[in-house]
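Below you'll find the structure, written out as structure tokens, and then a few comments.
The values are calculated or read from the model by the stated rules, or taken from the named source; none is laboratory data. A quick note: this is a predicted structure, and the numbers were derived from the prediction, not measured. Here the Cβ is made from the backbone with ideal geometry for all residues, glycine too, and neighbour counts use every protein chain on show. Accessible surface is based on the protein model in full, side chains and every heavy atom, while ligands, DNA and RNA are left aside. Shrake-Rupley method; radii C 1.70, N 1.55, O 1.52, S 1.80 Å.
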Amino acid sequence: RRAAPRRTSSAKMADAAAAEMEQMKVEEEKKEVVTALAGAFGVAPPVDTGLTLDEKFALCRSVGEECIQEEELRNLLDKKPVPVCYDGFEPSGRMHIAQGVMKCLNVNKLTRAGCHFKFWVADWFALMNNKMGGDLKKIQKVGAYMVEVWKAIGMDLTRVEFIWSSEEINKRGHEYWPLVLDIARRNKLARVLRCTQIMGRSETDELAASQIFYPVMQCADIFFLKADICQLGVDQRKVNMLAREYCDDIKRKNKPVILSHHMLMGLKQGQEKMSKSDPESAIFMEDSEADVNVKLKKAYCPPGEVTGNPCLEYVKYIVMPWAGVFSVKRKEDDGGDKDYVTYEEVEKDFVNGDLHPGDVKPALARHINVILQPVRDHFVNDPEAKKLLDTIKKYKVTK
């Protein structure tokens with residue numbers, strides 16, 4: 001019998017090219033399916049981040065002071081094309097620098113890693129917690145102002161969505177309220193009361209009935225928004241853990257990952273966190289240059305002490321991540337100018353006395369003023385934004 005004719009090298013090359021084309025077609029079809037699914041679930045389509053899995057994980061992990069659980073976060077980034085992150089905020093007054101700058105830094109990291117970020121504008125929750133005296137129209141004005149701040153500071157909004165709780169719950173009440181009721185019936189009142197710190201309250205406070213129901217609704221938000229990652233402050237940990245416990249109750253395998261960011265302390269001695277009701281405790285996003293200079297000049301900054309030092313916290317969590325350098329300007333007799341490229345260098349010099357509070361405070365003020373200038377410009381040059389700010393400045397902040 002005659003042997004089959006040998007295939008020529010050109011025929012083999014043609015076959016390889018055809019196979020490659022077929023594979024590319026399959027990959028393209030897979031991308032189209034994933035993009036369509038993303039659209040169906042209301043999230044941004046997948047994006048080629050150019051990052052490896054290790055780089056994505058490191059970027060996302062850098063957002064959180066605590067992560068529950070790291071292996072779940074890594075698996076999520078590996079398996080899901082567009083993980084959904086969520087944060088909810090009460091529109092309750094002017095925005096301080098932690099909520100403005102730190103949140104911008106964190107959101108930009110997560111979207112760069114390919115995530116879709118959902119902001120839950122919790123206007124109904126602010127009403128339940130008696131913010132702005134329980135005036136919903138005022139609360140919604142404040143919510144619009146906060147979105148303007150994030151736009152101005154440089155948050156990349158291409159993969160960010162702002163969802164108003166009042167609108168979305170009214171629109172999809174048939175999904176929301178059964179979920180809320182199921183979480184409520186599965187938890188004892190004592191367990192829910194332990195979560196009241198999420199509202200800035202304590203278990204011993206005299207609570208309104210709305211404030212007792214608040215944690216149950218916040219827990220439901222996580223599932224209602226189909227969030228994979230809860231990216232809130234460490235002060236919200238208890239309700240995020242309640243959501244993971246609920247997953248155990250209903251035998252749900254995929255629990256929300258908790259990625260809790262650091263809470264920046266207040267500027268006064270002993271203030272664990274900033275307070276909107278105490279204007280001297282924080283830098284606000286549209287504070288004037290003079291405001292920033294005065295507040296930081298009066299800020300607590302004991303020589304050589306790191307623990308409980310708000311000025312060093314600002315350097316660590318605001319200036320270094322934003323600018324990548326902390327520049328100190330001094331006379332030669334006082335040590336001369338110095339650029340610190342890591343926070344550890346700053347801390348080392350501060351502890352051993354080579355960096356004095358009198359060096360830190362003016363340098364910190366210069367950096368903060370540079371960071372905030374685009375926000376000031378926005379609220380001066382944009383007529384609608386200016387009107388919005390003028391309006392909310394007249395509002396009385398209620399606890």
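Which numbered condition in (1) within 29 Å of Phe350 (Cα to Cα); (2) out of contact with any His (no Cβ under 9 Å at 6 or more places or on another chain) is the only one that Ala227 fails?
(1)
For residues that are hydrophobic (A, V, I, L, M, F, W, C) and crowded, with 19+ Cβ neighbours inside 10 Å, scanning just the stretch 232-246, find the one that is farthest from Arg186 (Cα to Cα). Break it down into steps so the answer makes sense when it comes.
The first filter runs over the stretch 232-246 and keeps only residues hydrophobic (A, V, I, L, M, F, W, C), leaving 232, 234, 239, 241-243.
With crowded, with 19+ Cβ neighbours inside 10 Å added as a condition, the list becomes 232, 239, 242-243.
Values: Leu232: 24, Val239: 14, Leu242: 11, Ala243: 11 Å.
Checked the stretch 232-246; the qualifying residue farthest from Arg186 (Cα to Cα) is Leu232.
Return the only residue of Arg194, Arg159, Arg244, Arg185 being farther than 18 Å from Ala122 by Cα and in contact with an Asp or Glu (Cβ under 8 Å, 6 or more places away or on another chain). Break it down stepwise before answering.
Details: Arg159 fails: in contact with an Asp or Glu (Cβ under 8 Å, 6 or more places away or on another chain); Arg244 fails: in contact with an Asp or Glu (Cβ under 8 Å, 6 or more places away or on another chain); Arg185 fails: in contact with an Asp or Glu (Cβ under 8 Å, 6 or more places away or on another chain).
The match here is Arg194.
Among the listed residues Lys226, Lys171, which satisfies the condition of being closer than 21 Å to Asp87 by Cβ, open to solvent by 20 Å² or more (accessible area, probe 1.4 Å) and touching a residue at least 60 places away in the same chain (Cβ under 8 Å)? Outline the logic, then answer.
Details: Lys171 fails: touching a residue at least 60 places away in the same chain (Cβ under 8 Å).
Just a single option satisfies the conditions, and that option is Lys226.
Over 15 Å from Leu389 (Cα atoms), of a type in the set (D, E, K, R) and touching a strand residue (DSSP E or B) at 6+ places or on another chain (Cβ under 8 Å): does that describe Arg159? Show your work before the answer.
Working: over 15 Å from Leu389 (Cα atoms): yes; of a type in the set (D, E, K, R): yes; touching a strand residue (DSSP E or B) at 6+ places or on another chain (Cβ under 8 Å): yes.
Answer is yes for this residue.
Looking at the stretch 360-380, can you tell me whether even one residue there is open to solvent by 10 Å² or more (accessible area, probe 1.4 Å), within 15 Å of Val147 (Cα to Cα) and among the basic types (Lys, Arg)?
So far as the stretch 360-380 goes, yes, one or more of its residues are open to solvent by 10 Å² or more (accessible area, probe 1.4 Å), within 15 Å of Val147 (Cα to Cα) and among the basic types (Lys, Arg).
Could you list all residues from the stretch 74-99 that are touching a Lys or Arg at 6+ places or on another chain (Cβ under 7 Å) and in a helix (DSSP H, G or I)?
Result: Leu77, single match.
In the set Asn130, Asn108, which member is at pLDDT below 95, open to solvent by 10 Å² or more (accessible area, probe 1.4 Å) and not hydrophobic (A, V, I, L, M, F, W, C)?
Numbers: Asn108 fails: at pLDDT below 95.
Testing whether each residue is at pLDDT below 95, open to solvent by 10 Å² or more (accessible area, probe 1.4 Å) and not hydrophobic (A, V, I, L, M, F, W, C) leaves just Asn130.
Which one of these is basic (Lys, Arg) and either under 24 Å from the mean Cα position of the chain (by Cα) or farther than 25 Å from Ala290 by Cα (or both): Lys338, Lys331, Lys348?
Working: Lys338 fails: either under 24 Å from the mean Cα position of the chain (by Cα) or farther than 25 Å from Ala290 by Cα (or both); Lys331 fails: either under 24 Å from the mean Cα position of the chain (by Cα) or farther than 25 Å from Ala290 by Cα (or both).
Result of the check over Lys338, Lys331, Lys348: Lys348.
Residues of the stretch 121-140 being in contact with a strand residue (DSSP E or B) (Cβ under 9 Å, 6 or more places away or on another chain) and outside any helix (DSSP H, G or I), which ones?
Matches in the stretch 121-140: Val121, Ala122.
Would you be able to tell me the number of residues in the stretch 249-271 that are open to solvent by 30 Å² or more (accessible area, probe 1.4 Å) and over 16 Å from Gln99 (Cβ atoms)?
Total satisfying the criteria: 10.
Table: residues versus (1) touching a residue at least 12 places away in the same chain (Cβ under 8 Å); (2) closer than 19 Å to Cys230 by Cα; (3) acidic (Asp, Glu).
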position	(1), (2), (3)
Lys138	yes, no, no
Val147	yes, no, no
Lys151	yes, no, no
Glu175	yes, no, yes
Pro178	no, no, no
Ala190	no, no, no
Leu193	yes, no, no
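In the stretch 352-364, what residues are closer than 20 Å to Leu296 by Cβ and in a helix (DSSP H, G or I)?
Initial filter on the stretch 352-364 (closer than 20 Å to Leu296 by Cβ): 355-364.
Pro357, Gly358, Asp359, Val360, Lys361, Pro362, Ala363, Leu364, listed by residue number.
Within the stretch 264-281, can you find the residues that are assigned to a loop (DSSP other than H, G, I, E, B) and either without any contact (Cβ under 8 Å) to a residue 12 or more places away in the chain or under 17 Å from Gly93 (Cβ atoms) (or both)?
Going through the stretch 264-281, the residues assigned to a loop (DSSP other than H, G, I, E, B) turn out to be 264-278.
Hits for the stretch 264-281 are Leu264, Gly266, Leu267, Gln271, Glu272, Lys273, Met274, Ser275, Lys276, Ser277, Asp278.
Give the stretch 315-336 a look and list any residue that's over 14 Å from Val360 (Cβ atoms), open to solvent by 50 Å² or more (accessible area, probe 1.4 Å) and assigned to a loop (DSSP other than H, G, I, E, B), or say none.
If the condition is that a residue be over 14 Å from Val360 (Cβ atoms), open to solvent by 50 Å² or more (accessible area, probe 1.4 Å) and assigned to a loop (DSSP other than H, G, I, E, B), then Lys331 is the only one that fits.
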